[in-house]
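The values are calculated or read from the model by the stated rules, or taken from the named source; none is laboratory data. Fair warning: this is a prediction, and the values are worked out from it, not measured in the lab. Backbone-built Cβ (ideal geometry, glycine too); neighbour counts: all protein chains shown. Remember, those area values only see protein heavy atoms, side chains included, never the ligands or the DNA or RNA. Shrake-Rupley method; radii C 1.70, N 1.55, O 1.52, S 1.80 Å.
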Amino acid sequence: MKAGEPEEFIVDGRRLDGRKVDELRPLKIEAGVLKRADGSAYVEWGGNKVLAACYGPKEIHPRHEANPKRAVLRTYYSMAPFSVYERKRPGPDRRSMEISKVTRQALESVVFTHLYPMTAIDVFIEILQAQAGTRCAGITAASVALADAGIPMRDLVPACAAGKVGGHIVLDLFDIEDNYGEADLPVAIVPRTGEVCLMQMDGNLTQEEFEQAFELAVKGCMQVYEKQKEALKKAYEKRGEEQ
Ligand code: ADP
């Protein structure tokens, strides 16, 4: 047992933060929160607070990165120094580069980049507060920001993790579960087609546990998807009223 590890993760069917095994943390999504960006979104998901801002399609710099067949999607995931308990050193590191890359790959599967050759679409994801699951919160926010910018997409990309803690398969791990649990399985999907555009795994699961966790994560994604659509509808209505 690691130092600080809770003796039990589930007591009387409830997790340490009071949730059931298949329950998401409270999730709020707001679209169009930043005036200067072409599109933006703010996500509060349990203790995670995430801002995503999107610019483009726009002229690409440096020019040699231009692709004559499609827009280049660039994603920048960054954790604020004050987002975690101990100050995080600012600037890119291996982890943020990896998360930027998997985020880009997930979003590339939905954005119609072929419509905008020679341009760039930039997406910035700022983690203001972290409580595990920030890559899922980041992808969720980023796809809303892209849609808010009016960039043509096949669909939104909701993301959600499931995992294993204290021998139980649970949805949407929070930090204690993530730190001391047995496995974490972040998943992002394209709901219209059911394609999986992100799947990573930390820890160990048997094949049966994996299938159970995957199914639970997809169910979580579908709940996130509803909130994403609601946020965009609200932002469009608000803009309509302002005009
Ligand atoms: P995710 O946030 O997608 O779950 P990880 O599994 O890498 O990604 O990180 C889990 C959690 O660990 C983060 O959400 C954050 O709460 C914490 N964490 C990540 N990096 C750091 C860091 N450099 N310092 C302190 N805590 C961190």
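Could you give P(r) for segment 11-242, binned at 10 Å from zero, as whole percent values over all Cα-Cα pairs?
8, 33, 36, 18, 5, 0
Please check: in the Gaussian network model of the chain (C-alpha springs, under 10 Å), which one of 168, 61, 114 has the largest mean-square fluctuation.
Highest fluctuation of the listed residues: 61.
Suppose the chain between residue 219 and residue 59 were pulled fully straight at 0.36 nm per residue; how much longer would it get relative to their current alpha carbon spacing?
Working: separation 160, 0.36 × 160 = 57.60 nm, distance 3.86 nm.
Gain on stretching residue 219 to residue 59: 53.7 nm.
Which ³J(HN,Hα) values, rounded to whole Hz and listed in residue order, are derived for segment 172-178 from phi using the Karplus coefficients 6.51, -1.76 and 1.60 in 6.51 cos²θ - 1.76 cosθ + 1.60 with θ = phi - 60°, glycine and proline given as x?
Going residue by residue, I get 6, 5, 9, 4, 5, 5, 5 Hz, with x marking Gly and Pro.
If eta is 0.692 mPa s and T is 37 °C, what Stokes-Einstein diffusion coefficient results for segment 113-183, Kirkwood Rh from Cα pairs, in µm²/s?
231
Quick one: with all protein chains in place, what share of the accessible area of the chain is carbon or sulfur, to the nearest percent (1.4 Å probe)?
The nonpolar share, carbon plus sulfur, comes to 50 percent.
For segment 16-122, which GluC sites (Glu not before Pro) are both in a DSSP coil and crowded by at most 16 other Cβ atoms within 10 Å?
Answer in residue order: 23, 86.
If you take every residue apart from residue 58 with its C-beta less than 10 Å away from the C-beta of residue 58, what net charge results, scoring Lys and Arg +1 and Asp and Glu -1?
Spelling it out: positives minus negatives among the neighbours equals -3.
Could you name the lysines in cross-link range of residue 88, using Cα to Cα under 22 Å and dropping any fewer than eight places away on the same chain?
49, 101
Identify, among 236, 141, 214, the residue whose Cα sits farthest towards the positive end of the charge dipole of the chain, taking +1 on the Cβ of Lys and Arg and -1 on the Cβ of Asp and Glu, with the dipole about the Cα centre.
Working it through, the farthest residue towards the positive pole turns out to be 236.
Expressed as a whole number of Å, what is the distance separating the alpha-carbon centroids of segment 135-174 and segment 39-84?
Taking the Cα centre of segment 135-174 as reference, the centre of segment 39-84 is 15 Å away.
How large is the helix-only mean residue ellipticity at 222 nm for the chain, computed as the sum of -39500 (n - 2.57) over DSSP H runs with n ≥ 4, divided by its residue count, in deg cm²/dmol to the nearest 500?
Mean residue ellipticity, 222 nm, calculated: -10000 deg cm²/dmol.
Roughly what angle does helix 94-108 make with the longest principal axis of the chain, taking Cα atoms, 0 to 90 degrees, to the nearest 10?
60
Any idea of the accessible area per residue across the chain, 1.4 Å probe, to the nearest Å²?
Per-residue accessible area for the chain comes out at 52 Å².
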